[in-house]
Every structure is written in structure tokens, then in C-alpha cells.
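A.B. asks: Please find one structure pasted underneath; my questions will follow.
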């Protein structure tokens, strides 16, 4: 099986092109988990299948590192758009329409040789803008917000994220009585000067802190819009994750706490590619 590894702000994914051959199925949970294993497999936060779809440029099927198909992944959505571009799926102005588990998405890919991306030229990066689903029904409990940006998120505003034990803090929320059945992604967010945010995220399915989370970054920006009554800057809200900076642009909806025209913006990069027997990592477990 040929695979490609991509990352967006340190959020890394195994990509498999299944348009001409089906290597993996949804029920192959153990194989997918083994491929994502950082010691016995390729290693990644998740695995994404690129598949044909009659009504879209392609379909994105996303699995968490535990091998289970999961809800929408924002950085994964940006990375699969870059992957589609690299695989020769060319559309007008590199504008893609694809289907994911939460519905249709749009993405724009600016290649490294684009005049607007000279700062990325030679580094193997693409700048990818991904349109997210509209968001509403945001629950607020003091400085804590619960919302769904394609995946469910818990957002807590704190003074400083640097000293947090994210594995412990994240697990305490994710496995609390309220959330343990379905799971939830846990984000701690600090508001910095200049309308910037700093975020750390514990992801369900990975069951650990990740260097970035696209739906979490989106959730943080929207929660901050409610929490601080912050208007969206023209070029978007800057969010600093451990693995790099992302931006979120949005418009307020018709009712308070609703948001539309939401875009997640940032870099995506191909890391490496190779071939592997998808069953091989399992043989390394004695």
C-alpha cells in the first residue's frame, strides 16, 4: 500500500489514495490503529482515505489514531486538499468541493510558487483555506464553552496555558461522567494582546495532547467571539498552537451565538511517502 504523510501545524496524518484500489475499509480498525502507532507503525494523529464521489471532487474519510472513524478533522481537511492537489486532482483556481462526515466543504490551495506565498516557497508548504460548517447552539458556563465545529469541543479560557499538564487535565474532562460515553476534545485557551489566542488541545481518539487541532482552533475563536465580544479581524483571528499558527475567519449569524462563513486557514505540508503492508504493523505486536 502506497501512503503519504502530511502535517498541518504539527497535526499529522497518513493519506491513502483509494480512487483506483481499496486498501482499507471502515471495519479495519486494528490495521488503521497499527498504522498510526508511532512505535510499531508509520505514526500519525489520524489516517485519511481519499475516495471517489460522483457529486464532489473527492470524499474524505477520517479515522482517529485509535482506528475508529471519527467526526470532522479541520487540519485533516486542509491536508487532504493539499494531497488532492499533489495527486493531480486539479480544479479551477485550485478550488475543491469535497464531502466529509459532517457534509460538504470547500477548500482553496495556494501552491508554494504562488506570488502570495513567497514566504513559503522552497519549504514544501501549501497555504490551504478550508470552509467549515456553520456553528450555533454554543453552551456557556462561566469561562467554559461547549460547541460543535464538526467535532465536539470543550473550551476553557485560562490565564496561561504553559504550565498545564494537558494529559491529566484533558483526561479529567474527557472521561468525566458528562463526556466519557461519547468523548469530547478538550481545549485550554489564553487570550493574548492584539486579539491573538494561544491554545493547547487534548484530542479524543488520540487520547493525548496534539500539536494542533483545526476544529479546536475554530472552536476557540468562536468561543472567544462570545466570551470577549470580539469581532473578527479582516484577515481572521490568529491562534497559536504548539505546532504552528492558524487563522479563523467568520461572520456572525442572524442570532446571537451563531456563526457562518467560517474558514480555517494555515499551512499544510507533505512530509514523506512510502509503501507498507497494511497488516505488517500487527505482526510486530507479540
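A.B. asks: With n ≥ 4 as the cut-off for DSSP H runs, can you work out [θ] at 222 nm for the chain, using -39500 (n - 2.57) per run divided by the number of residues, rounded to the nearest 500?
C.D. replies: Calculated from helices alone, the mean residue ellipticity at 222 nm is -5000 deg cm²/dmol.
A.B. asks: On to the next question. Based on Cα coordinates alone, diagonalise the gyration tensor for segment 139-262, multiply each eigenvalue by 5, take square roots, and list the semi-axes in whole Å, largest first.
C.D. replies: One finds semi-axes of 22, 16, 13 Å for segment 139-262.
A.B. asks: If you don't mind, another one. Gaussian network model of the chain, Cα springs within a sub-10 Å range: biggest mean-square fluctuation belongs to which of 230, 132, 15?
C.D. replies: 230
A.B. asks: How large is the Kirkwood hydrodynamic radius of segment 1-84, counting all unique pairs of alpha carbons, in Å?
C.D. replies: 12.6
A.B. asks: Taking 7 Å along the Cα-to-C-beta vector as the label spot, tell me the residue 92-residue 22 distance in nanometres, rounded to one decimal.
C.D. replies: 3.3
A.B. asks: Assuming R0 = 25 Å, what is the FRET efficiency of residue 139 and residue 164, from their Cβ-Cβ distance, to the nearest 0.05?
C.D. replies: 0.65
A.B. asks: If a/c stays under 1.5 just call it rounded; otherwise compare a/b with b/c (prolate if a/b is bigger, oblate if not). Do that for segment 183-231, with a ≥ b ≥ c from the square roots of the Cα gyration tensor eigenvalues.
C.D. replies: It comes out prolate by the Cα gyration axes.
A.B. asks: Another one. Given the options 154, 85, 250, state which has the largest fluctuation in a GNM of the chain using a 10 Å cut-off (strictly under) for Cα springs.
C.D. replies: 85
A.B. asks: Then there's this: Explain nothing, just the number: relative contact order of the chain, from Cα pairs under 8 Å at least 6 residues apart, as a whole percent.
C.D. replies: 22 percent.
A.B. asks: Relative to the present Cα-Cα distance, how much length would full extension add between residue 277 and residue 176 at 0.36 nm per residue of separation?
C.D. replies: Between residue 277 and residue 176, full extension yields an extra 32.6 nm.
A.B. asks: Any idea how far apart residue 231 and residue 69 come out in nm if each label point goes 7 Å out from Cα toward Cβ?
C.D. replies: 4.3
A.B. asks: Another question, if that's okay. Quick check: pseudo-label points 7 Å beyond the Cα along Cα→Cβ at residue 106 and residue 258, how many nm apart are they?
C.D. replies: 2.0
A.B. asks: In a GNM of the chain with a 10 Å cut-off on Cα contacts, which of 64, 137, 11 has the highest mean-square fluctuation?
C.D. replies: Residue with maximal mean-square fluctuation among 64, 137, 11: 137.
Taken together, the values in this text are just the output of simple stated rules run on the coordinates, not laboratory data. Here the structure is a predicted model, which is why all the values come from computation and not from measurement. Cβ atoms come from the backbone with ideal geometry, glycine included; neighbour counts cover every protein chain shown.
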